[in-house]
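For reference, the structure discussed in these notes is given below.
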């Protein structure tokens, strides 16, 4: 049996996270926003980017690499754009505010693009894209990350995993949602395997000589992740680096420091958020009907031998969320290790994870 003794209810996990953040010095509103981002991500089954991240985030505040009482500031804006300085505040709060700003501007301008500098690890990119989808808009979100990914021809890390996410509303069908790293896998999956001493599939990382390895023990001190789809993933990761760090006037490339490493340097990731007002192009109901038709066309396509279902991006996550809300979640060991450590940090009982 794993470390998770029984199903964890999302509302109990949210309350536990909020309590830890308030003990760390956060106000009620910011703690609630942050917990919503993290626990929703858990309910989607994306445990690598959910509540397990909270302990490290709060450690950043204790180490003064972030400022728990800081507030993000809009330093430039126009009808369809905005630039935000996060001032090293809680990245989830800054990012929700940035996407809400994009949504608000897109109601009039049709599209809005917001960049953020001086922020930190914002969790799952899909959460922010979905904020636009529930407002009947198409949403995209991006972030740069400290270098951990090599590129074709190199044997050292040059770019971050640089995630991209999009979400699109539909009618009777659930929203389409994709949230991916531009590396073969997210770095957090390497860390998760390393924490429990498990090997990883070949092709995920290279060693110090640029050769494939299944041993995550040396990462990220040596070796590097590989980009998804070779030069294609490399090209997309570079675009994300440009529209986040370079365009926002923030850190990029080797200037971006890891939020997970011991360092005296402030965490300094950059993000970008795009909202597209669908109703400026088509009546929203017509768009949703067209989306339903597209989804069903793909889902009902002839199946390959041995396949019994074709999934649309996001379907697995929505089904996981329904189960989580109905039955609770059995959290993986790598999540429980972090949550129990968080409980120790702030004098909380492990039982509060469940209650």
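Check off (1) over 30 Å from residue 105 (Cβ atoms); (2) at pLDDT 95 or above; (3) surrounded by fewer than 20 Cβ atoms within 10 Å (Cβ to Cβ); (4) out of contact with any helix residue (DSSP H, G or I) (no Cβ under 6 Å at 6 or more places or on another chain) for residue 65 and give me the number that stays unchecked.
Tallying (1) over 30 Å from residue 105 (Cβ atoms); (2) at pLDDT 95 or above; (3) surrounded by fewer than 20 Cβ atoms within 10 Å (Cβ to Cβ); (4) out of contact with any helix residue (DSSP H, G or I) (no Cβ under 6 Å at 6 or more places or on another chain), residue 65 fails exactly one: (3).
When the residues of segment 162-189 are narrowed to those that are part of a helix (DSSP H, G or I) and in contact with a helix residue (DSSP H, G or I) (Cβ under 8 Å, 6 or more places away or on another chain), which ends up modelled with the highest pLDDT?
189
Answer with yes or no whether residue 264 is within 30 Å of residue 66 (Cα to Cα) and either at pLDDT below 95 or touching a strand residue (DSSP E or B) at 6+ places or on another chain (Cβ under 9 Å) (or both).
yes
Output the residues belonging to segment 85-116 that are surrounded by 21 or more Cβ atoms within 10 Å (Cβ to Cβ) and over 23 Å from residue 29 (Cβ atoms).
Correct list: 106, 112, 115.
I'd like the residue in segment 68-84 that is surrounded by 18 or more Cβ atoms within 10 Å (Cβ to Cβ) and touching a strand residue (DSSP E or B) at 6+ places or on another chain (Cβ under 7 Å) and, out of all such residues, is nearest to residue 23 (Cα to Cα).
72
Of the residues 131, 158, 138, which single one is on the phi < 0 side of the Ramachandran plot, surrounded by fewer than 21 Cβ atoms within 10 Å (Cβ to Cβ) and touching a helix residue (DSSP H, G or I) at 6+ places or on another chain (Cβ under 8 Å)?
158
Only one of (1) farther than 27 Å from residue 240 by Cβ; (2) surrounded by fewer than 17 Cβ atoms within 10 Å (Cβ to Cβ) fails for residue 265. Which number is that?
All conditions pass for residue 265, except number (1).
Please count how many residues of segment 190-225 are closer than 21 Å to residue 338 by Cα, within 23 Å of the chain's Cα centre (by Cα) and in a loop (DSSP other than H, G, I, E, B).
Residues in segment 190-225 being closer than 21 Å to residue 338 by Cα, within 23 Å of the chain's Cα centre (by Cα) and in a loop (DSSP other than H, G, I, E, B): 5 in total.
Would you pick out the residues in segment 190-199 that are surrounded by fewer than 19 Cβ atoms within 10 Å (Cβ to Cβ) and in contact with a helix residue (DSSP H, G or I) (Cβ under 9 Å, 6 or more places away or on another chain)?
191, 195, 196, 198, 199
Being in contact with a helix residue (DSSP H, G or I) (Cβ under 9 Å, 6 or more places away or on another chain) and within 27 Å of residue 81 (Cβ to Cβ) is the filter; apply it to segment 206-245 and report the residue that is surrounded by the most Cβ atoms within 10 Å (Cβ to Cβ).
Going through the qualifying residues, I end up with 245.
The values are calculated or read from the model by the stated rules, or taken from the named source; none is laboratory data. Since the model is a prediction, treat every value here as computed from it, not as a measurement. Positions of Cβ are backbone-derived with ideal geometry, glycine not excepted, and every protein chain shown enters the neighbour counts.
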